[in-house]
Structure formats: C-alpha cells, structure tokens
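Asks: Take this structure first; my questions come after.
The values are calculated or read from the model by the stated rules, or taken from the named source; none is laboratory data. Because the structure is a prediction, the values reported are computed rather than measured. Note that we place each Cβ from the backbone using ideal geometry, even for glycine, and neighbour counts take in every protein chain shown. Remember, those area values only see protein heavy atoms, side chains included, never the ligands or the DNA or RNA. Shrake-Rupley method; radii C 1.70, N 1.55, O 1.52, S 1.80 Å.
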Amino acid sequence: MSEVNTPIDCISVTASDGKITPLRFRLEREDRERLRVNIDQVLDTRHIPYVGVEAQVFLCRGNVEGRSQVFELKYTFRNHSWFLVQRTY
C-alpha cells in the first residue's frame, strides 16, 4: 500500500448531523493496479484545523490483501478530497 498523502477514491456516509464515516477506499499502485480496501472499523476520529485547511482525520482498520492493517485517512473540507495519510502496524 502507498505511503504519505496519497490521493484516494473513497466511499463514505454522511449522517444527518454531518458526521462522516468512511466505508471503502481505492488507490492506484505504482504498477497502475487499483487496490480496494474495505474499512472494518473506525478506531478514532479527530478534527484538524490546519492553517487555512480544515480536515477530519480517521484512524481505521481494514483488510488489505488478507492482512488486517491500521491506517489514517484524511478528508479535507475545502477540496472535498480524501488522502491516505499513513499506514501503521
């Protein structure tokens, strides 16, 4: 899986109160193959008011090629964009 701040496609749900929950994401590997990751659990969520860039960061657990992994996803409100921030083990 790719590393820091990789743009991704993400499917999420937004509740009527504005709470965002990521469900699945897809990224393109270096060999141009697309990897799809289902999110099994959102472990933590935090709001980050970067200088001029408001974002929500999600610590998630998902199954990547048969292995359970923990990773961070970031959603930027201004651009309505998703990024794979980092993966942890």
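Asks: Longest exposed-loop-site-free stretch of the chain, with GluC sites (Glu not before Pro), DSSP loop and at most 10 other Cβ within 10 Å?
Replies: Excluding the exposed sites themselves, the longest stretch runs over 34-64.
Asks: Quick one: 3J(HN,Hα) in Hz for region 62-74, Karplus 6.51/-1.76/1.60 with θ = phi - 60°, rounded, Gly and Pro as x.
Replies: With coefficients 6.51, -1.76 and 1.60, one gets x, 9, 10, 6, x, 10, 6, 9, 10, 8, 10, 10, 10 Hz.
Asks: Compute the convex hull volume of the Cα atoms of region 1-46, divide it by the residue count, and report the result per residue in Å³ as a whole number.
Replies: Measuring per residue, one finds 96 Å³ for the Cα hull of region 1-46.
Asks: Further question: Placing unit charges on C-beta atoms (Lys and Arg positive, Asp and Glu negative, everything else neutral), compute the dipole magnitude of the chain about its Cα centre in debye, rounded to 20.
Replies: The calculated dipole for the chain is roughly 100 debye.
Asks: Another question about this same structure. Quick one: pull the percent of accessible area on region 8-64 belonging to carbon and sulfur, 1.4 Å probe, ligands and nucleic acids left out.
Replies: 45
Asks: Pick out which of Val57, Val37, Val13 has the largest mean-square fluctuation in a Gaussian network model of the chain, springs linking Cα atoms closer than 10 Å.
Replies: Val13
Asks: Filter the trypsin sites (Lys or Arg not before Pro) in region 19-70 to those in DSSP coil with at most 13 other Cβ atoms within 10 Å of their Cβ, and list the result.
Replies: Lys19, Arg29, Arg32
Asks: What does the extension gain come out to for Ile20 and Leu59, with contour length at 0.36 nm per residue minus their alpha carbon separation?
Replies: Taking Ile20 through Leu59 to full extension adds about 12.8 nm, to one decimal.
Asks: Under a point spin-label approximation (7 Å from Cα along Cα-to-Cβ), what is the Arg36-Val13 distance to one decimal in nm?
Replies: 1.8
Asks: Could I ask something else about it? Between Val51 and Val70, how many nm apart are label points set 7 Å from Cα along the C-beta direction?
Replies: 3.0
Asks: Computed over the Cα atoms, what is the radius of gyration of the chain divided by 2.2 N^0.38 Å, N being its residue count?
Replies: 1.04
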